[in-house]
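> Mind having a look at this structure? Questions to follow.
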Amino acid sequence: MAYSFPEEVLEHVFSFIHSDKDRNAVSLVCKSWYEIERWCRRRIFVGNCYAVSPRIVIRRFPEVRSVSLKGKPHFADFNLVPEGWGGYVYPWISAMAEAYPWLEELRLKRMVVTDEALELISRSFKNFSALVLSSCEGFTTDGLAAIAANCRNLKELDLRECDVDDRSGNWLSHFPESCTSLVSLSFSCLEGEVSFSALERLVSRCTNLRALRLNHSVPLDKLPNLLRRAPQLVDLGMGAYTAELRPELYSRLGNAFAGCKGLKSLSGFWDVVPSYLPATYSVCAGITFLNLSYATIQSPDLIKLIRQCRNLQRLWVLDYIEDSGLNALAASCKDLEELRVFPSDPFGQEANVSLTEQGLVSVSEGCPKLQSVLYFCRQMTNAALFTIARNRPNMTRFRLCIIEPRTPDYLTLQPLDAGFGAIVEHCKDLRRLSLSGLLTDLVFEYIGTHAQKLEMLSVAFAGESDLGLHHVLSGCKSLRKLEIRDCPFGDKALFVNASKLETMRSLWMSSCSVSFGACKLLGQKMPRLNVEVIDERAPPDLRPESEPIERLYVYRTIAGPRLDMPGFVWTMGDEKSATEFS
Amino acid sequence: MESKVTCENDLNFKATELRLGLPGTDDSEKHTPPSVRSNKRALSHETTEDSRSKSNSGTSDFGDDEKEAPPAAKAQVVGWPPIRSYRKNCFQPKKTEPESAGIYVKVSMDGAPYLRKIDLKGYKGYPQLLKALEIMFKLTIGQYSEREGYNGSDYAPTYEDKDGDWMLVGDVPWEMFISSCKRLRIMKGSEARGLGSYV
């Protein structure tokens, strides 16, 4: 019989299958494969913590070692999600503390993490080895101290862009002298000081340390000692890169860098003093990721540094680089895959630097491997977008932010529909797109028609009618996340495409024209969606049903309406909510 | 694809399979203003003098409103441009912008359905703040006394501090207050009695 394959054999075969998609496919083959697979799945990724409950996850996958959770929607990064909305990790930790005593890794993004949660983690999981917190908030350095003190086998502690209340309790000193296991330590987002001697001793004894990202409180003159103790570093985030000009410090720095022959990634560079930059030149040839997005230095100094980094693959930089710097980049860095240009003066009325669409066009011409772009600028043309699209059909992520909303093509004064249309038509593997500038419903027709691999779309101040939203929802086959703000999209497109929403992770709409009545109806008709109305003005039922709500967040879920909502969030269609309004 | 587009230019819902129209509605467009005009000052649209963005017919609705708006300094939009807050602090801003120009806290009042937002930096001290709250919510708060709080008045102003505790406004020095206040709540007098320092 074909079915008499022993379970152990199947399990062994499954152990070579790592991607979630493949594992999910395996589990659908038959009941016995489902059973075997669920007992041997070790990694879980939950893209929306409210799409499922801890209990459901634990019931299906009893032997998990690594969990990734994401909480708030992406627009929370820009303060569009009010504080207190949700995304609390504690219920997950508390459930996993009982169910997964052998948990090793926890990766959280945009979640509210408290010191209690961190303390519980540090006490509950004996083999805990990796904690990665991205864009999280709600905890203090006391919680970090608990992790440092209690996790005996900690390999990775990464804080990325978190909002941490720095209590300056010397959290770093809580790593016991016996701790030698660290491979990655990243605290660049912390505000306060750490004990330099504790840091040096920690770095000395952790001989497997590959990644070290300091915060800006670590002064430049501490860096040579740290580097000499960790010549095996691959990823370095420097602290403040500023000091008075002292030849002795410069040469110590230069020698220390020269000793780090494996360095591939450089970041930090706060308060950069250009004269100290050449100290890094000895490692630049090996650098593949350079994050200069805090370096307020001018284009000529940037160009000198970039020219040294011939093997650069990813560059994050401020718009001080200007078109001239991007031309130099295009000429020097032929392996470039990702470029992010951030605005140095985002709220200024006029351009303070000479960075235009030309810079991006140059890079698209000169860098054949360029596939991921985030570009803030103040002017754009359809012609430039055509050129970029034709140059780079291999583009997979394209995020353009023209700083002034609804800016047209500055040469023709036309909307940028055609330009973005060219992007989606030529870049057939485009997975992520952010639009800006003056856009009509036409751009959405292009997107709905051509962007068949598009998974995430961000829209702001664009479109003219529900037709725009309808084109996207009815056309983009692979769409998972759609976030919209300040667009004239409303009820009709949502009703017609309600079932599409069950095939997506989530939809966010704020300052659009979605009525409260429509939300109620959507919530009632679609029980497998949570239709959240987020409105800080007043309970929406105190206003006419046709009045637009502030924010709508719709996501598919098998966990039903959540129970931790604050006073300004209502789940539509929920029996409980319904009776509250009656 | 072509025919799909042309037939749906009209968005004829009767032809679609899933019909969730609101009872009694037909296909005629109930055209609510394209963007929400809310009470919140922070969400007000830019009042730009720049004629470029008004030139296109697609934005005529916005154009009409913008003509009426005062031509003075631009109102800034929340969350735009889309950059993270920590990036805003990393360089010398040449101009101030809403999120860092002041200390904005929400103010709620028991019984009122609407929240308000005020900038604590706009007040020199407690008397000015309390006066402003009285005007904003049309009530009397009365005098603060260290011993009895706001006894004798219908309402007492309270605030949530950094530790999450609810405190009576006025107990700590002004500078300490504005640096630790996360939000304000005007409580009914009876409820607030437990908060004030008492014998």
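> Report the convex hull volume per residue for the stretch A:1-41, counting only C-alpha atoms, in Å³. Mind dumping the intermediate values first?
On the way: hull volume 2.5 nm³, N = 41.
In the stretch A:1-41, the Cα hull volume divided by residue count equals 60 Å³.
> May I pose another question? Counting every Cα pair in the stretch A:194-248, what percent are over 17 Å apart? Write down the numbers at each step before the final one.
On the way: 483 of 1485 pairs.
For the stretch A:194-248, the share of Cα pairs beyond 17 Å comes to 33 percent.
> Then there is this: Are any of the pairs A:Lys72/A:Lys453; A:Lys109/A:Lys520; B:Lys88/B:Lys121 more than 27 Å apart by Cα-Cα distance, and if so, which?
Too far apart for the 27 Å limit: A:Lys109/A:Lys520.
> Using the number of other C-beta atoms within 10 angstrom as an exposure proxy, rank A:Tyr34, A:Tyr250 with the fewest first.
Details: A:Tyr34 14, A:Tyr250 17.
If I rank by nearby Cβ atoms, fewest first, I get A:Tyr34, A:Tyr250.
> Would you kindly derive the ³J(HN,Hα) couplings of the stretch A:19-25 from the backbone phi angles with the Karplus curve 6.51 cos²θ - 1.76 cosθ + 1.60 (θ = phi - 60°), listing them in order in whole Hz, with x for Gly and Pro?
6, 4, 4, 5, 4, 5, 5
> Dividing the alpha-carbon radius of gyration of the stretch A:87-133 by 2.2 N^0.38 Å (N being the number of residues), what value is obtained?
Output field value: 1.01.
> Once you put a point 7 Å from the Cα of A:Phe16 and another 7 Å from the Cα of B:Asp154, both along the Cβ direction, what distance in nm separates them?
7.8 nm
> What is the magnitude of the charge dipole of the stretch B:104-199 about its Cα centre, with +1 placed on the Cβ of each Lys and Arg, -1 on the Cβ of each Asp and Glu, and no other charges, expressed in debye to the nearest 20?
Details: 14 positive and 13 negative charges, 84 e Å.
Using Cβ point charges on Lys, Arg, Asp and Glu, the stretch B:104-199 gives about 400 debye.
> Can I ask one more? Going by Cα centres, the stretch A:319-393 and the stretch A:256-291 are how many Å apart?
23 Å
> Convert each backbone phi in the stretch A:551-568 into a coupling constant with the Karplus relation 6.51 cos²θ - 1.76 cosθ + 1.60 (shift: θ = phi - 60°), then list the ³J(HN,Hα) values in order as whole Hz, x for Gly and Pro.
Values, residue by residue: 9, 10, 10, 10, 8, 7, 7, 10, 9, x, x, 7, 10, 10, 6, x, x, 9 Hz.
> I would also like to ask the following. Between B:Ile135 and A:Arg55, how high is the FRET efficiency from 1/(1 + (r/R0)^6) when r is the Cβ-Cβ distance and R₀ = 35 Å? Nearest 0.05. Walk me through the numbers on the way to the answer.
Working: r = 51 Å, r/R0 = 1.44.
Here the calculated transfer efficiency is 0.10.
> Under a point spin-label approximation (7 Å from Cα along Cα-to-Cβ), what is the B:Asp119-A:Asn352 distance to one decimal in nm?
Calculated label separation equals 1.9 nm.
> Given the stretch A:371-435 reduced to its alpha-carbon atoms as identical point scatterers, what log10 I(q)/I(0) does the Debye formula return at q = 0.14, 0.20, 0.27 Å⁻¹?
Log10 I(q)/I(0), no solvent term: -0.35, -0.72, -1.24.
> What order do you get for B:154-162, A:132-140, B:138-146 when each peptide is scored by the mean count of other beta carbon atoms within 10 Å, highest first? Don't jump to the answer; show the numbers that get you there.
Values: B:154-162: 19.1, A:132-140: 21.1, B:138-146: 14.3.
Top of the packing list down: A:132-140, B:154-162, B:138-146.
> To continue, here is another question. Suppose a student asked you for the relative contact order of the stretch B:104-193, using Cα pairs under 8 Å spaced at least 6 residues apart; what percent would you report? If you can, show how the numbers build up before the last one.
Values: 131 pairs, mean separation 29.2, N = 90.
Reported relative contact order: 32 percent.
> Share of Cα-Cα pairs in the stretch A:161-254 beyond 21 Å, in percent?
On the way: 1340 of 4371 pairs.
Taking all Cα-Cα pairs of the stretch A:161-254, the fraction more than 21 Å apart is 31 percent.
> Which shape class, rounded, prolate or oblate, goes with the stretch A:35-185 when its Cα gyration tensor gives a ≥ b ≥ c as root eigenvalues, a/c under 1.5 marks rounded, and past that a/b bigger than b/c marks prolate?
Oblate, because a/c is 1.5 or more while a/b does not exceed b/c.
> Further question: Label chain A by shape, choosing from rounded, prolate and oblate, from the square roots a ≥ b ≥ c of the eigenvalues of the Cα gyration tensor; if a/c is under 1.5 it is rounded, and otherwise prolate applies when a/b is larger than b/c, oblate when it is not.
Working: a/c = 1.64, a/b = 1.13, b/c = 1.45.
Note, shape of chain A comes out oblate.
> Next up: Which one, B:Cys181, B:Ile135, B:Tyr159, projects farthest toward the positive side of the charge dipole computed for the stretch B:104-193 from Cβ point charges (K/R +1, D/E -1)?
Result: B:Ile135.
Values quoted throughout were computed directly from the atomic coordinates according to the rules given, and no laboratory measurement underlies them. Source: prediction; values computed, not measured. Glycine gets a Cβ as well: all are built from the backbone with ideal geometry, and neighbour counts include every protein chain shown.
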